[in-house]
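Right, one structure below, let's go through it.
The values are calculated or read from the model by the stated rules, or taken from the named source; none is laboratory data. Nothing here was measured: the structure is a model prediction, and the numbers come from that model. Cβ sites come from the backbone with ideal geometry, for glycine too, and all protein chains shown count toward neighbours.
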2 protein chains.
Amino acid sequence: MTIAPEEDRLNAQIAFAVEIDKLKRVIRRNHLMDGSRRENDAEHSWYVGLLAMILGEHAPAGTDIQRVVAMLLVHDLVEIDAGDTFIYDAEAVAAQADAERAAADRIFSMLPGEQGAQMRALWEEFEARQTVESRFAKALDRFAPILANHHTEGGTWPLFKVKASQVREKVRIIEEGSASLGVYALELVELSVARGHLSE
Amino acid sequence: MTIAPEEDRLNAQIAFAVEIDKLKRVIRRNHLMDGSRRENDAEHSWYVGLLAMILGEHAPAGTDIQRVVAMLLVHDLVEIDAGDTFIYDAEAVAAQADAERAAADRIFSMLPGEQGAQMRALWEEFEARQTVESRFAKALDRFAPILANHHTEGGTWPLFKVKASQVREKVRIIEEGSASLGVYALELVELSVARGHLSE
Ligand SMILES: [Ca+2]
């Protein structure tokens, strides 16, 4: 493997920087907390990255929070090509894996070799959920839309006819990353049910 | 100083999380790189945070990049109250300091005491530009809109009648944080002048 000269490295990094601007145009299902519009992947990535900094004490002791932040800043880049998948659409979720892998091949390989490999490794770690860092990162990724839905009269839940049982199942992913956030998320779910914003 | 019980801490952190969602609705002057719309502060914060990870090797040796990332994720939170200031509007920039300080008082004090102080310290460090981390962070904050303008036929430059001499002055802030990014930014500026997207 040859190391690219310094100028080539910077040019590759800038090309990557121009490419990832597209994440600002990938639209998610959930809305902002004032209900004004749907959220995009870039602002979502900022939000969960900052949540990791704020809620880090609710991860298991010894969790490397800075790695969690890094993981969350890159976790959705593959959606530039593959698009956002609604987690309650089981068929779409299954088809998504191949598309995301192809996207990772294209996008991370724009960077200089070892740097692209490092970024891709963060994404693979996030997806595999085998480390405390990735389990906490995924927990925050699931926690954020529950918080948003709770603050927008159910948000995507009534809109896409999602049932409380389905949401409770997703809360397990949060519990696996953070016991206290899992408890808190379940309380939000039950409160939403009680208010009639989420149906059994 | 009393330490809040665990549940109160989490409630305070969640109230902060709900509050900062508003950053997604603070609109900046510059446009996305496809020119489709103006950028918001939340997606901008994600973008520069990820730029720090990608361009970290262009900071002085020994720069703590993870601290730079953290700083960039919080650097615009005060704009929830104070709004975005166009850096070429000297009068507005002068009036902004007090408004941002009042915003910092309100927003960071929503967090548990020592955590709010830590987050505020990151913001103060960013503003003061006395450390290599804050100088590199500020360099990226200035670099991103130049890259965006360069990719949108001058973007905000012709729109707000900004002159090349003014942009070259702003490039000095980039040079102070990263010699190589300073050189690169100046090349973008001269290229934009040559293409007629920025006037002398
Ligand atoms: Ca700003």
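Considering only segment B:57-96, state which residues are in contact (Cβ under 8 Å) with a residue 12 or more places away in the chain and β-branched (V, I, T). Give the steps one after another, and end with the answer.
Taking segment B:57-96 first, the residues in contact (Cβ under 8 Å) with a residue 12 or more places away in the chain are B:58-60, B:62-65, B:67-84, B:86-88, B:96.
Answer for segment B:57-96, where residues must be in contact (Cβ under 8 Å) with a residue 12 or more places away in the chain and β-branched (V, I, T): B:T63, B:I65, B:V68, B:V69, B:V74, B:V78, B:I80, B:I87.
At least 1 residues being within 15 Å of the ligand (Cβ to nearest atom) and surrounded by fewer than 14 Cβ atoms within 10 Å (Cβ to Cβ) is the threshold, and among the helices (runs of 4 or more DSSP H) wholly inside segment B:1-110 those reaching it are B:90-108.
Could you please find all residues in segment B:16-67 being of a type in the set (A, V, I, L, M, F, W, C) and in contact with a Phe, Trp or Tyr (Cβ under 6 Å, 6 or more places away or on another chain)? Reasoning before the result, please.
From segment B:16-67, those of a type in the set (A, V, I, L, M, F, W, C) are B:16-18, B:20, B:23, B:26-27, B:32-33, B:42, B:46, B:48, B:50-55, B:59, B:61, B:65; that's our starting set.
Within segment B:16-67, B:A42, B:W46, B:A59 meet the criteria.
Taken as a whole, segment A:154-172 holds at least one residue that is modelled with pLDDT under 95 and closer than 18 Å to A:V48 by Cα. The set of residues in segment A:111-121 that are surrounded by fewer than 19 Cβ atoms within 10 Å (Cβ to Cβ) and among the aliphatic types (A, V, I, L, M) comprises A:A117, A:A121.
Does A:R29 satisfy being touching a Ser or Thr at 6+ places or on another chain (Cβ under 8 Å), more than 8 Å from chain B (Cβ to nearest Cβ) and in contact (Cβ under 8 Å) with a residue 24 or more places away in the chain?
Numbers: touching a Ser or Thr at 6+ places or on another chain (Cβ under 8 Å): yes; more than 8 Å from chain B (Cβ to nearest Cβ): yes; in contact (Cβ under 8 Å) with a residue 24 or more places away in the chain: yes.
Spelling it out, A:R29 is indeed touching a Ser or Thr at 6+ places or on another chain (Cβ under 8 Å), more than 8 Å from chain B (Cβ to nearest Cβ) and in contact (Cβ under 8 Å) with a residue 24 or more places away in the chain.
Scoring A:S180 on the criteria (1) under 19 Å from A:L50 (Cβ atoms); (2) surrounded by 23 or more Cβ atoms within 10 Å (Cβ to Cβ); (3) not aliphatic (A, V, I, L, M) leaves a single failure, condition (2).
Residues in segment B:132-152: is at least one of a type in the set (S, T, N, Q), within 16 Å of the ligand (Cβ to nearest atom), out of contact with any Pro (no Cβ under 7 Å at 6 or more places or on another chain) and within 14 Å of another protein chain (Cβ to nearest Cβ)?
Of all residues in segment B:132-152, those of a type in the set (S, T, N, Q) come to B:134, B:149, B:152.
This time we only want the ones that are within 16 Å of the ligand (Cβ to nearest atom), so: B:134, B:149.
Okay, now just the ones that are also out of contact with any Pro (no Cβ under 7 Å at 6 or more places or on another chain), so B:134, B:149.
After this cut, where a residue has to be within 14 Å of another protein chain (Cβ to nearest Cβ) as well, the list is B:149.
Yes: one or more hits.
Scanning segment A:113-131 for residues that are within 14 Å of chain B (Cβ to nearest Cβ) and either touching a strand residue (DSSP E or B) at 6+ places or on another chain (Cβ under 6 Å) or over 17 Å from A:R101 (Cβ atoms) (or both) returns A:G113, A:E114, A:Q115, A:Q118.
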